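*Asks:* Sharing a structure with you now.
Only the coordinates and a few stated rules stand behind these numbers; no lab work does. This structure is a prediction, so every number in the text was calculated from the model and none was measured. As a convention, Cβ positions derive from the backbone with ideal geometry for all residues, glycine included, and neighbour counts pool all protein chains shown.
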Amino acid sequence: MNNSRRTFIKISALGAGGLALTTPALNALGNNFSVKTEKGLINATKNLKRSATYCEVCFWKCAAWAYTDEDNNIQKIIGNESDPHCNGRLCPRGTGGVGMYSDNDRLKTPLIRTTVDGEETFREASWEEALTLVASKMQEIKDKYGAESMALLKHGSPGSHLEHLFQAYGSDTVAEPAYAQCRGPRETGFGLTFGSWVGSPEPTDIRDTKCLVLIGSHIGENMHNTQVQEMSDAIDNGATIITVDPRFSTAASKSQYWLAIKPATDIALLLSWMHVLIYEELYDKKYVEKYGHGFDQLKEHVRTFTPEWAYSITTIKPDDIRRTARSMAAAAPSVIVHPGRHVTWYGDDTQRSRAIAILNGLLGSWGRRGGFYFKESIKVPSFPHPPYPTPKWGWEQIGEKYPLAQMGITNEVIKATIPGENEEHPIKGWFVAGTNLVSTVPQREVIEKAIESLDFMVVMDTMPMEITGYADVVLPECTYLERYDGIRSSTNREPSIALRMPAAEPRFESKPAWWISKQIGEKLGLGEYFNYNDYKEVIAWQLEQMGTSLEEMEKIGVKNFKRKSGPMYLTDGQDYEFTTPTGKIEFYSEKLKSLGHDPMPVYTPHEQPAQGFYRLNYGRSPMHTFSRTINNPNLNDLKDENNLWVNPKVARIEGLKNGQEVWLENQDGIISTFPIKVRVTERIRWDSVYMYHGFGHNNKKLSRAYAKGANDTHLITKVTIDPLMGGTGMRGNFVKFLTENPNKNTAI
Amino acid sequence: MRYAMVIDTLKCVGCSDCVVACQTENNVPIGYCRDWITETVNGAYPNVELELKSERCNHCDNAPCVRCCPTGASHIVEGGIVLVTPNECIGCGACIQSCPYDARYSHPEGYVDKCTFCHHRVEKGQQPACVSVCPTKCMYFGDLDDPNSEVSQLLKNRTWKTLAPEAGTKPHVFYLI
Amino acid sequence: MQEELFTSGRNIPHIDPSLEIWHWPISVYLFLGGLAAGLLFFMAIITLMEKDKEYPTVVKYASIIPPIALSLGLLALIYDLKHPLYAWQLYMTVRIESPMSWGAWVLLVTTPMSFLWVISYWKEMFPKWNIKFNWFQKLEAFLAKNRKYMAMAFIPLSIVLGIYTGILLSAFNARPLWNNAILGPLFLTSGLSTGAAAIILMAKTAKEKHLFGKIDLVLIIVELGLIIHMLMGMYAGSEVQLEAMQLLVGGEFTLMFFGFVVILGLLVPAVMELTELVGFKVPVAIPAILVLIGGLVFRFVMVEAGQITRYLY
Ligand SMILES: Nc1nc2c(c(=O)[nH]1)N[C@H]1C(S)=C(S)[C@@H](COP(=O)(O)OP(=O)(O)OC[C@H]3O[C@@H](n4cnc5c(=O)[nH]c(N)nc54)[C@H](O)[C@@H]3O)O[C@H]1N2
Ligand SMILES: Nc1nc2c(c(=O)[nH]1)N[C@H]1C(S)=C(S)[C@@H](COP(=O)(O)OP(=O)(O)OC[C@H]3O[C@@H](n4cnc5c(=O)[nH]c(N)nc54)[C@H](O)[C@@H]3O)O[C@H]1N2
Ligand code: SF4
Ligand code: SF4
Ligand code: SF4
Ligand code: SF4
Ligand code: SF4
Ligand SMILES: [Mo]
């Protein structure tokens, strides 16, 4: 809850309060006779041991040092100075990563679904029993339907160990929400334009930019570390920041221009920017001529998309559109029209990303200082193992309707699980690891239907998240602070690698993913793929191959390598072949044309909220990562529930007060399980409401997170699928307020 | 030697990293904090202004908390850092009443606690934990008596404010605006 | 619209959303301290004026209250400490700038002395409880002889004690409601007034009742004047003081403050005492009790309301 202390707050002062006052005093008595230990000084005086790790609280993977005290407790985590992802400074979630380790609500033992007195429940099981069950079920599915029918839905580090297991087992049915619910559209959009996807970390040269354009990307709340750090550098350097966001985001508050766009109209704005750049001849002529393809078609295409035209759609004044376009041009090529990251909004997202890519092309920012640099990474050799069998089908075939998809499409895998939806590629088993699917992928009804149809489902997680409640077997993984994992090799200005080693023994009976994969592999008769006793051996071998060693990496944590691929930026007049079909930046895409899509982005209107409804907008809390950190004691301390941002005008019309609890009902009649407190604020438009994603947990075992705030994903029942790559557009949902508890009569 | 902290509100994003870092560095119990973030929103959509500030004890020159302390537990050390000695503190709460910034709290173990400017780190020549972790690098710490220090230079070249100057406490945490 | 909030979820017990670090024991302590100060002051004055025979209640019977009140007050104070086992640290140092420090020292001197005073009147007050110890009788005789010197000491001590209960609060610049110079004299006056009321309650003779009725009336009028002065001062003060004042005149504490303190605790007793003085029959116990209750509520209101006033920044 956001506490306002700036106004005098009503307290029960005297009256009945005269008595009430005694309670705190009596409570205080409990503490009155404790002995002072000066705990506050412990960290300063104790000898702390440090271990190299990289953070797993989000996917930026900042390298860090975990400090452990003599009692083997992890006290703090500090960024590694030589890591290009963090430069010695973690984000709040990384610093609060200790809470992932210390949380006593963690999964403690393997669990197996069982029926007691006609009611389904979990019972604790030994690892041996649980893993034998998992292996036998996987074997059953393989024998009956083929290994392809066993799907891996994963996210984060544990995924790579399981991918190895799955490939050995014969399944390439893999998908993760970080594609079709996240960055998929921009990867396809940029891929079509520049021949190279954006990737993570984004090769945006923010620290040297003169103009940063954020289309809904709310850096500063989206805490992807390097970007936040470099945006701050850019502010120091006097860069112009232009933020396009219907909400007054933190980034908007740091911007010279905040374009308070009407939601779902971004493509119109982008097209009119192109119009201004082209018709005012502000674009980078030399660059476009040398590297561009289809400029003339583009010029003709945007001829009528004047700022006046865009104004009627976006509500952004023509003057502001012109001024910002000129501002970008003045900074070019040191300008970044940021690709964003979570870009699955309205279903035409690949086209929006294309528009962003084209804009960057016009400004000549790709391959330029202060624009996008040419990234480089170093390859980690794979530990020797027998060749993998070739599956008959996999994620590509499941998503064949979307040939432009570059990774498995989560929602298509889920759909293929429902009998009759995809006869050729039936899915019968799920291995879910590190993704809280029901809070991550919208349309819960569809997921539940899929889960009901499964023969077998196993979930590997660290916490009793909602998804674990659907599993037949739950496997408790230890946290990233208690395990070895694959070497982090990342693409950056310079290549670098980072080591993750255990800083403490796994708590309870939790085990690392590599161990779990190996055990299952051995039980499936795939032991030869796991030719080691400890994953440490794999890492040591790989590091030797890369010219370093485990000993060295334990000391330094991060190793930076010299670039080998040439300069980071294009030199003046340099010949350069883009990896597109034409070898050029494709303003016009023949490929899209041939697939029957618009070769150049067009604006299509999207549904706007009906009377009494408001668009459900959501985003990141800077102190949390999705649903995974809400129960983290340190981070929960900072924000324990989400609020519903409501414009004061809306509050007046709807009769809502600051701090009042409301339930939300969406256009399909779905009602939030828990109430959410209203935050009346000028930071949000009157046609939408906003909430942080990740809250509203519905598992009582999460003692801090349970029933705190509302779950946005639950209210997203209508999705618009991106016809190009299958992404799930989530922002076309509308809600109304219920001030009375709609669940009063139904037990929850 | 006069330590001071300078915080650039134009760069702070309110992420609260400084708060968690303080918690893990100084063993601040869950539910308490030595620093915190305030958000101020002014105006009407779409003409809105937002200020985010990381706040803590201001290590006031004119520190009422030290003056009112009956036992001398609250005291000032070299560099103007205001500290509390836990074993001298009786938990009378006078200093809590006296601080215009509500910067102090009663530690569950009985004594009063607050920001120490990370005295234990500063002594060793390190930056305070919050300063060293801030991802936007919007916090600066140093010696105001040294005209060439980063903090002195920033205060010379930028506009700044302190919190509740009318309370007369002469705070030593400065906000660049 | 302006919005101010904590984004980092600050919610420290007893501090957020508003300060609540001092609880009822502090209000009780301030009341008892003031009452004791008033009684000790009258007791000392009457003794020094050598009117002790005419006003036995003041010097004798009412003098039982201060040692009890001070002891209870001290207990209450220690009870509200978060770490009472370290209370001895108060006496390891004298800190002139800290009202709490000199309050602690004044109490350390005054409380035992108030006991000694009672001992000096032991035989007269408790003829039935004859303590046979030789040393006690010697002590009693010694004290009885030197009562005047004790009285001389009590004059400054009781004034300091009475003012201190106000200064303790007014020294807190950070709490706009407390931060005014009137609070010391106001608490002293109120303390004297409650002292007088206690004497009226205990007095057996009409003469004593009358005198202290008159004294109390004067004190009430002075107190009302000081309260008006305080409110006017805040009214003319900064924004924070204005907001603080609003708590008393147009906020949650208005009923308590005007109802119990000003009207029932001051105006009604004043009118009743006046009527009595003019010659009408009024049961004097009623105004006296009202004054005592008003004094107690006044402490509660000031401590509670003061804590939630703060600087706006
Ligand atoms: N409504 C809505 N939906 C969204 C989004 C949104 O903003 N709104 N964002 C989308 C985006 S951008 C993304 S990338 C996805 C992210 O989607 P997810 O990755 O599914 O997000 P989380 O909710 O963090 O779920 C992570 C799960 O992994 C578990 N976990 C954490 N660490 C470990 C570990 O070390 N080992 C194992 N085995 N498990 C671990 C956590 O306990 C949690 O259950 O969500 C997408 N879905
Ligand atoms: N603290 C924190 N940081 C994170 C994460 C996290 O969980 N926590 N997750 C990470 C991951 S995996 C991802 S993908 C990124 C996502 O981070 P981003 O890509 O930056 O975020 P989005 O969710 O796309 O954007 C949310 C913003 O879009 C605005 N918006 C809503 N509708 C529209 C619209 O129609 N037009 C425009 N222009 N803007 C609109 C919202 O008001 C909000 O400010 O964040 C990453 N960083
Ligand atoms: S950005 Fe934050 S949460 Fe993500 S890896 Fe880095 S420190 Fe961890
Ligand atoms: S860590 Fe830095 S950016 Fe984040 S809230 Fe604190 S001061 Fe602001
Ligand atoms: S901010 Fe408060 S606690 Fe810190 S020195 Fe100033 S008055 Fe004392
Ligand atoms: S609570 Fe402790 S530090 Fe504060 S004034 Fe009392 S004794 Fe001093
Ligand atoms: S200086 Fe140290 S004690 Fe003070 S807020 Fe920062 S981290 Fe905490
Ligand atoms: Mo994402």
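*Asks:* Using the basic label-point model (7 angstrom from Cα toward the beta carbon), what is the A:K449 to A:D233 distance in nanometres?
*Replies:* Rounded to a tenth, the inter-label distance reads 4.9 nm.
*Asks:* Kindly identify segment A:317-356 as rounded, prolate or oblate by the Cα gyration tensor criterion: order the square roots of the eigenvalues as a ≥ b ≥ c, call it rounded if a/c is under 1.5, otherwise compare a/b with b/c, prolate if a/b is larger, else oblate.
*Replies:* Oblate shape, in that a/c is at least 1.5 and b/c is the bigger or equal ratio.
*Asks:* Order these by the 10 Å Cβ neighbour count, fewest first: C:L143, A:L165.
*Replies:* Ascending number of Cβ neighbours within 10 Å: C:L143, A:L165.
*Asks:* Turning to a different aspect of this structure: For chain A, which span is the longest to avoid every loop-located (per DSSP) member of chymotrypsin sites (Phe, Trp or Tyr not before Pro) having at most 15 other Cβ atoms inside 10 Å?
*Replies:* Segment A:34-507 is the longest.
*Asks:* At a 10 Å Cβ-Cβ cut-off, how would you order A:I497, C:I64, C:I182, fewest neighbours first?
*Replies:* If I rank by nearby Cβ atoms, fewest first, I get C:I64, C:I182, A:I497.
*Asks:* Please give me, ordered by residue number, the GluC sites (Glu not before Pro) of segment C:85-153 that lie in loop per DSSP and have at most 14 other Cβ atoms within 10 Å.
*Replies:* C:E97
*Asks:* Among rounded, prolate and oblate, which fits segment A:697-748 when a ≥ b ≥ c are the square roots of the eigenvalues of its C-alpha gyration tensor, a/c under 1.5 means rounded, and a/b larger than b/c means prolate?
*Replies:* oblate
*Asks:* What does the highest-first list of C:295-304, B:3-12 look like by mean Cβ count within 10 Å?
*Replies:* Those peptides, ordered most packed to least, come out C:295-304, B:3-12.
*Asks:* Using only Cα positions of segment A:614-738, each an equal point scatterer, no hydration layer, compute I(q)/I(0) via Debye at q = 0.23 Å⁻¹ and quote the log10 values to two decimals.
*Replies:* -1.35
*Asks:* Ranked by Cβ crowding within 10 angstrom, fewest neighbours first, how are A:K744, A:K286, A:K317, A:K142 ordered?
*Replies:* Fewest-to-most Cβ neighbours within 10 Å comes out as A:K744, A:K286, A:K317, A:K142.
*Asks:* Using +1 at the C-beta of Lys and Arg and -1 at the C-beta of Asp and Glu, which of A:N73, C:T309, A:A239 has the Cα lying farthest in the positive direction of the dipole of the protein assembly as shown?
*Replies:* C:T309
*Asks:* Related question: I need the GluC sites (Glu not before Pro) found in segment A:366-424, filtered to DSSP loop residues with at most 11 other beta carbons within 10 Å of theirs.
*Replies:* When the GluC sites (Glu not before Pro) of segment A:366-424 are filtered for loop state and at most 11 Cβ neighbours within 10 Å, A:E423, A:E424 remain.
*Asks:* Based on C-alpha coordinates, I'd like the Rg and Dmax of chain B, in Å.
*Replies:* 16.1, 53
*Asks:* Calculate log10 I(q)/I(0) of segment A:472-581 for q = 0.10, 0.14, 0.19 Å⁻¹, where I(q) comes from the Debye formula with a single equal point scatterer on each Cα and nothing for solvent.
*Replies:* So the normalised log intensities work out to -0.46, -0.74, -1.04.
*Asks:* Convex hull volume of the Cα atoms in segment C:24-308, per residue, in Å³?
*Replies:* 136 Å³
*Asks:* Between segment C:201-236 and segment B:29-108, what is the C-alpha centre distance in whole Å?
*Replies:* So the two Cα centres are separated by 40 Å.
*Asks:* Here is a follow-up. Calculate the mean, over all residues of peptide B:61-73, of how many other protein chain Cβ atoms lie within 10 angstrom of the residue's Cβ.
*Replies:* For peptide B:61-73, the averaged partner shielding equals 6.
*Asks:* Residue by residue through B:128-138, how many Cβ atoms from other chains fall within 10 Å of the Cβ on average?
*Replies:* For peptide B:128-138, the averaged partner shielding equals 6.
*Asks:* Next up: Given R₀ = 51 Å, FRET efficiency for A:K290-A:E554 by Cβ-Cβ distance, to 0.05?
*Replies:* The formula returns an efficiency of 0.60 here.
*Asks:* Using the alpha-carbon centroid of each, what span in Å lies between segment A:488-511 and segment A:342-400?
*Replies:* 24 Å
*Asks:* So what are the ³J(HN,Hα) numbers for segment A:193-210, from phi and the Karplus equation (6.51, -1.76, 1.60; θ = phi - 60°), rounded to whole Hz, Gly and Pro as x?
*Replies:* In residue order, the calculated couplings are 8, 10, x, 9, 6, 6, x, 10, x, 5, x, 8, 8, 4, 4, 10, 7, 9 Hz.
*Asks:* Would you work out if chain A is rounded, prolate or oblate? Take a ≥ b ≥ c from the square roots of the eigenvalues of the alpha-carbon gyration tensor; rounded if a/c is under 1.5, else prolate when a/b is larger than b/c, oblate otherwise.
*Replies:* Verdict is rounded for chain A.
*Asks:* With runs of 4+ DSSP H residues as the only contributors, calculate the mean residue ellipticity of chain C at 222 nm using -39,500 (n - 2.57) per run, divided by the residue total and rounded to the nearest 500.
*Replies:* -21500 deg cm²/dmol
*Asks:* Using a 10 Å cut-off on Cβ to Cβ distances, tally the other chain neighbours for every residue of C:173-183 and report the average as a whole number.
*Replies:* Mean inter-chain Cβ contacts per residue within 10 Å come to 3.
*Asks:* Are there trypsin sites (Lys or Arg not before Pro) in segment C:147-247 that DSSP puts in a loop and that have at most 14 other Cβ atoms within 10 Å, and which ones?
*Replies:* Taking segment C:147-247 and a limit of 14 other Cβ atoms within 10 Å, the loop trypsin sites (Lys or Arg not before Pro) found are C:K204.
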